[in-house]
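The values are calculated or read from the model by the stated rules, or taken from the named source; none is laboratory data. Note that the structure is predicted; figures quoted are calculated from it, not measured. FYI the Cβ positions are ideal-geometry reconstructions off the backbone, even for glycines, and counts take in every protein chain you see. Ligands, DNA and RNA are stripped out before the accessible areas are found, and what is left, the full protein with its side chains, is counted by its heavy atoms. Shrake-Rupley method; radii C 1.70, N 1.55, O 1.52, S 1.80 Å.
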Amino acid sequence: ELLENLQQSYPSIVNEVQNTPGLGTVQRVLQALLRERVPIRDMVIVLEAIADNAHETTDADILAERARGYLGRTIANQYRSFDGVLHVFTLAPATEHTISEHLQQTAQGWVVNLPPDMAQQLMTDVARQMEGMATQSHEPVLVTSQRIRLPMRRFTQRNLPTLAVLSFNELPQE
């Protein structure tokens with residue numbers, strides 16, 4: 001129904017995504033975005049991201065990550081504090097490197113596969129950062145490299161469901 005409404009104003013983009021990658025993939029991309037509370041009000045931008053990247057891949061996770069890049073300002077703006085500042089925390093470069101070395105492809109996509117003691121320590125460290133942000137009345141936002149953003153989100157979603165995980169390329173250039 002969403003696509004039918006857009007068909008009248010943007011027929012070429014709608015036709016393009018219906019053919020490649022197809023409606024099923026478009027639906028999975030939208031579900032992935034909504035699962036992380038990414039606003040999809042600007043559906044044309046999402047469809048453009050899918051169309052622009054569908055020649056490289058039809059993987060819904062990758063297409064959703066590309067769409068996040070197109071929607072970066074919108075995503076970042078929803079986490080700005082009352083003073084308009086985006087308060088974030090990052091991982092140490094060595095930690096990011098360790099995580100990227102422990103990524104594993106599964107049927108559910110890329111995941112962080114750290115040894116149990118390292119995984120527990122990482123979860124504890126991230127939770128501590130979140131608590132620090134919460135005491136200052138800031139929305140907890142972790143910013144990572146694009147490569148580990150989705151696996152890190154999957155890693156934290158069960159224990160830290162309110163943590164937003166953004167990649168550096170989603171941040172506005174200001």
Gln78 passes all but one of (1) under 15 Å from Leu142 (Cα atoms); (2) at pLDDT below 95; (3) open to solvent by less than 60 Å² (accessible area, probe 1.4 Å); which number fails? (3)
Per-region count, segment 14-57, residues open to solvent by 20 Å² or more (accessible area, probe 1.4 Å) and hydrophobic (A, V, I, L, M, F, W, C): 6
Within segment 133-174, count every residue that is of a type in the set (Gly, Ala, Ser), over 17 Å from His97 (Cα atoms) and surrounded by 12 or more Cβ atoms within 10 Å (Cβ to Cβ). 2
What number goes with the only condition from (1) free of Cβ contacts under 8 Å to residues at least 60 places away in the same chain; (2) among the charged types (D, E, K, R); (3) closer than 30 Å to Gly132 by Cα; (4) open to solvent by 70 Å² or more (accessible area, probe 1.4 Å) that Arg73 does not pass? (1)
What about Met118, is it open to solvent by less than 60 Å² (accessible area, probe 1.4 Å), more than 22 Å from Thr162 (Cβ to Cβ) and either touching a residue at least 12 places away in the same chain (Cβ under 8 Å) or under 15 Å from the mean Cα position of the chain (by Cα) (or both)? no
Among the residues of segment 88-112, which ones are open to solvent by 50 Å² or more (accessible area, probe 1.4 Å) and either touching an Asp or Glu at 6+ places or on another chain (Cβ under 6 Å) or in a loop (DSSP other than H, G, I, E, B) (or both)? Val88, Ala92, His102, Ala107, Gln108
Before we move on, is Arg66 loosely packed, with under 15 Cβ neighbours inside 10 Å, among the charged types (D, E, K, R) and out of contact with any strand residue (DSSP E or B) (no Cβ under 8 Å at 6 or more places or on another chain)? no
